[in-house]
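The values are calculated or read from the model by the stated rules, or taken from the named source; none is laboratory data. Since this is a predicted model, take the numbers as computed values, not measurements. Here Cβ is always computed from backbone atoms with ideal geometry, including for glycine, and neighbour counts include all displayed protein chains.
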Amino acid sequence: MNLKEFFEANPRLAIAFSGGVDSSYLIYAAKMHGCDVKAYFIKSAFQPQFELDDAMKFAYMHSIPMRIEHVDVLQSGDIVENPADRCFHCKKAVFTKLIEAAREDGYTIICDGTNASDDATERAGMRALEEMGVLSPLREAGLTKAEIRRLSREAGLFTHDKPSYACLATRIPTGTEITQERLDLVATGEELLRTLGFSDFRLRYLGDVARLQVPASQFKLAFEQKNRITAMLKPYFQSVLLDLSPRLTETIS
């Protein structure tokens, strides 16, 4: 089933909106096909503010109705204890809230931006979506990340070259308790590093130590800015380590 066929069969739908490449294109495509579509952004402690800002900007630019709800993921022991299947429990909490909000607005079909490049065997969260009956039109249509970026670029969407972003909880090692303080440390550190020109990188929390993972193309920048990096992060971490294995990133063309 291609997207056109999906939208013809499902002309009224709610879409989980993160402000990223995939969900942005899905919402845009749904509107272009004449669907009655509404975006739902569920804000939690795991998302930095820029994700919400991007989502609001996109919704405004394309006249997409958008509802913002909040969920306190830090109230769930299954999440804060940070087990290997944390993502499963987090998706359950987020989409329970989203489905409740969508049904209040009269929407019964719920979709997300999972694409054909996403490996279901490696993503516990996708199991939660399947159990909750959430549809993934991009995946059903066989659209890969690269194809979605190309289509987004052709449509003039500002999200077409936005780096993929995993939630802040992924910066904390499995088995290490997730707290608001630790999330704030990571979010603050990453925001500071963006001001130095880093992109598509990760700052991993290791207690008093921060481990910086950057793409191979940014190693030079890391060495040139090493003194500024350590000075900026010193108030938050005792030590900063640079991972010499380059972070593998998606090629954006």
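Structure notes:
- When residues of the range 17-36 are limited to those that are within 14 Å of the chain's Cα centre (by Cα) and within 22 Å of Lys97 (Cα to Cα), the one surrounded by the fewest Cβ atoms within 10 Å (Cβ to Cβ): Gly20
- The range 74-103, subset of a type in the set (D, E, K, R) and assigned to a loop (DSSP other than H, G, I, E, B), residue modelled with the highest pLDDT: Glu81
- The residues in the range 212-253 that are surrounded by fewer than 13 Cβ atoms within 10 Å (Cβ to Cβ), closer than 25 Å to Ile172 by Cβ and aromatic (Phe, Trp, Tyr) can be counted, and the count is 0.
- Contact annotation: no residue pair with Cβ atoms under 7 Å, 6 or more positions apart or on different chains, pairs a residue in the range 79-99 that is under 13 Å from Cys167 (Cα atoms) and outside the structural domain of Ala39 (by TED's automatic domain parsing) with a partner that is buried (at least 18 other Cβ atoms within 10 Å of the Cβ) and at pLDDT 95 or above.
- Top-ranked residue in the range 119-153 [being assigned to a helix (DSSP H, G or I) and among the hydroxyl-bearing types (Ser, Thr, Tyr); ranked as nearest to Pro163 (Cα to Cα)]: Ser152
- Taking every residue in the range 210-221 that is closer than 15 Å to Leu241 by Cα and pairing it with any residue that is crowded, with 17+ Cβ neighbours inside 10 Å and of a type in the set (Gly, Ala, Ser), at least 6 positions away or on another chain, the pairs with Cβ-Cβ distances below 8 Å are Ala210/Gly189; Leu212/Ala222; Val214/Ala222.
- Restricting Val80, Val94, Val37 to residues that are among the β-branched types (Val, Ile, Thr) and over 22 Å from Ala124 (Cα atoms) narrows the list to Val37.
- Scanning the range 45-68 for residues that are polar (S, T, N, Q) and in a helix (DSSP H, G or I) returns a single hit, Gln49.
- Scanning the range 17-48 for residues that are more than 16 Å from Thr159 (Cα to Cα) and of a type in the set (S, T, N, Q) yields Ser44, Gln47.
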